[in-house]
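The next block holds one structure in the form of structure tokens; read it before the comments.
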Amino acid sequence: MTTSVSDDLVGLLGDVGAIVFYLIVWGLVFAGTALFFGIFVPFVTGDSLLFAAGLIAASASGVDIWVLTIGVGIAAFLGDQVGFLLGRRFGRPYLDKRGGARTQKAIAKTEWFYHTFGWWSVVIARFVPWGRVFIPVIAGVGRMAYLRFVTANLVGALAWGVGITLIGYFAASIPAVKAGSYVIAGIVITASIVAGIRAWRIDKAERAAAAATPGTSTSEG
């Protein structure tokens, strides 16, 4: 039964086309940091997406794992570059506009992380949902040397983007994992979307409450 479901989904992917699949994965990886999508859907734009994409690539004909992983690496690198340049260009006020109190607390924690680990924070943050979103911008706000950021960004994009995608791909060599790859991917992505919508609604409510209370600010932290 599970094998039949997997076969049906492979056929569906074949109808949509590998190019659309590539673009969706690459677009989500890029938007996770460059467009702050990772604030509300950190799993859809993060590790789970990459692992699931690797699983699917191993089972779906027409999806080239190397095209997928190279594209993921490039998208991850460019996403962080955009975040860094936005932080350098617009400074701390740009961060202060990001969401309500919950988001501002995450930003404060990420700032501590950046000041504690420096160059390594850019690499390590790839594996931390909130860190992945804010570290590039905070590095730009903190005026991190451009070449230092580029090297850290490159290492992080390779270790996280390429690494996790390949782990998912090779994990599919285990028959039980391969048979259930699409079921796993569907459950993870669905749960992540629900969690993202919930986080967005909570953050929106916090911002509305802060705006309605005189003398409050969302820049606490």
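The values are calculated or read from the model by the stated rules, or taken from the named source; none is laboratory data. All values derive from a computational prediction rather than experimental measurement. Every residue, glycine as well, gets a Cβ built from its backbone with ideal geometry; the counts of neighbours run over all protein chains shown. These accessible areas exclude ligands, DNA and RNA; they are computed on the full protein's heavy atoms, side chains included. Shrake-Rupley method; radii C 1.70, N 1.55, O 1.52, S 1.80 Å.
For (1) without any contact (Cβ under 8 Å) to a residue 24 or more places away in the chain; (2) on the phi > 0 side of the Ramachandran plot; (3) of a type outside the set (S, T, N, Q), each residue gets a yes or a no:
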position: Q104; (1), (2), (3): no, no, no
position: A108; (1), (2), (3): no, no, yes
position: T116; (1), (2), (3): yes, no, no
position: W119; (1), (2), (3): no, no, yes
position: A125; (1), (2), (3): no, no, yes
position: A157; (1), (2), (3): no, no, yes
position: A171; (1), (2), (3): no, no, yes
- Message: So W130 passes all but one of these: (1) part of a helix (DSSP H, G or I); (2) surrounded by 15 or more Cβ atoms within 10 Å (Cβ to Cβ); (3) at pLDDT 85 or above. Which condition number does it fail?
- Response: (3)
- Does at least one position in the range 65-87 carry a residue that is over 17 Å from V29 (Cα atoms) and under 17 Å from the mean Cα position of the chain (by Cα)? no
- Note on the structure: Residues in the range 8-52 that are over 8 Å from the mean Cα position of the chain (by Cα), modelled with pLDDT of 85 or more and open to solvent by less than 30 Å² (accessible area, probe 1.4 Å) total 3
- Could you say whether any residue in the range 159-170 is within 24 Å of G54 (Cβ to Cβ), in a helix (DSSP H, G or I), at pLDDT 80 or above and out of contact with any helix residue (DSSP H, G or I) (no Cβ under 8 Å at 6 or more places or on another chain)? yes
- Message: Of the residues A145, A185, only one is among the small types (G, A, S) and either modelled with pLDDT of 65 or more or open to solvent by 40 Å² or more (accessible area, probe 1.4 Å) (or both); which?
- Response: A145
- Tell me, please, whether a residue that is free of Cβ contacts under 8 Å to residues at least 12 places away in the same chain, among the hydrophobic types (A, V, I, L, M, F, W, C) and either in a helix (DSSP H, G or I) or open to solvent by less than 20 Å² (accessible area, probe 1.4 Å) (or both) can be found in the range 63-84. yes
